[in-house]
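Q: Take a look at this one; I'll ask things after.
The values are calculated or read from the model by the stated rules, or taken from the named source; none is laboratory data. None of these values were measured; they are calculated from a predicted model. As a convention, Cβ positions derive from the backbone with ideal geometry for all residues, glycine included, and neighbour counts pool all protein chains shown.
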Amino acid sequence: MAAVPDRPLDPSTVEECHLLFSKMLENYAWALVRDRALAADVVQTSFLALSRFGGDVAVESRKSWLFRVAHREAIKVRNRSKPYSQTDTETANAVLEARASYEVNPLSRMVEQEKLESLRRVIADLPRDQQQVLEMKFFENKTFAEIADLMQTPLGTALSRMRLALERLRIAIKEKED
């Protein structure tokens, strides 16, 4: 791709455009990058481009030209910025640490396995139609419409069976905890 030749704009015209459009451009850039310092950089880059290449831009088009340049620059800045904030990184690290210590602790594994076995026993005690709805929903990831169709029941019946199953599970788990 050929380089675009510099077509400078005289400094007094750039200054005049800066007085007219800089605040609007900064607010627009901020809306895109959500950072005042980065928005100021976008505006500065836009006016630098105007001073270097704005000689061919018609007077009535300068504002829209500046906004197009600012938009492109803001998108570049936004794409270059980190995808996660420091807080997100700290949270992710804390989760990874907790997970690592959990995986190392055999007692935690035993407790989880015991809870899982208890849950399986409670599910086994449910009526067969409620078990089927639970299995299709959670293990086969089917929609309630699909479940109702497969069980040849109305949608409301499939929903009621799920509600009853979940309520029985909740009660059984609460009783085991007490």
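Q: In the stretch 5-23, how many are surrounded by fewer than 16 Cβ atoms within 10 Å (Cβ to Cβ), under 19 Å from His71 (Cα atoms) and touching a residue at least 40 places away in the same chain (Cβ under 8 Å)?
A: The total comes to 1.
Q: May I pose another question? Quick one: what pairs do we get from the stretch 140-166, first residue among the basic types (Lys, Arg), second in a helix (DSSP H, G or I), C-beta under 6 Å, 6+ apart or different chains?
A: Pairs that qualify, where the first residue is among the basic types (Lys, Arg) and the partner is in a helix (DSSP H, G or I), are Lys142/Met136; Arg161/Asp129; Arg161/Gln130; Arg161/Val133.
Q: Another question, if that's okay. For the structure I just gave you, tell me whether Ala39 is in a helix (DSSP H, G or I), buried (at least 19 other Cβ atoms within 10 Å of the Cβ) and either modelled with pLDDT of 90 or more or within 36 Å of the chain's Cα centre (by Cα) (or both).
A: Taking the combined requirement at face value, the residue satisfies it.
Q: Here is a further query. With respect to Arg80, determine if the residue is at pLDDT 80 or above, closer than 30 Å to Arg34 by Cα and exposed (fewer than 15 other Cβ atoms within 10 Å of the Cβ).
A: Yes: the conditions hold for Arg80.
Q: Report yes if some residue within the stretch 50-64 is part of a helix (DSSP H, G or I) and in contact with an Asp or Glu (Cβ under 7 Å, 6 or more places away or on another chain); otherwise report no.
A: Within the stretch 50-64, one or more residues are part of a helix (DSSP H, G or I) and in contact with an Asp or Glu (Cβ under 7 Å, 6 or more places away or on another chain).
Q: Here is a further query. Any idea which residue in the stretch 125-178 is farthest from Glu112 (Cα to Cα), counting only those that are of a type in the set (Asp, Glu) and not in a loop (DSSP other than H, G, I, E, B)?
A: Per the stated criteria, the residue is Asp149.
Q: Then there's this: So Ser46 ticks every box in (1) loosely packed, with under 15 Cβ neighbours inside 10 Å; (2) touching a helix residue (DSSP H, G or I) at 6+ places or on another chain (Cβ under 8 Å) but one. Which box is left unticked?
A: (1)
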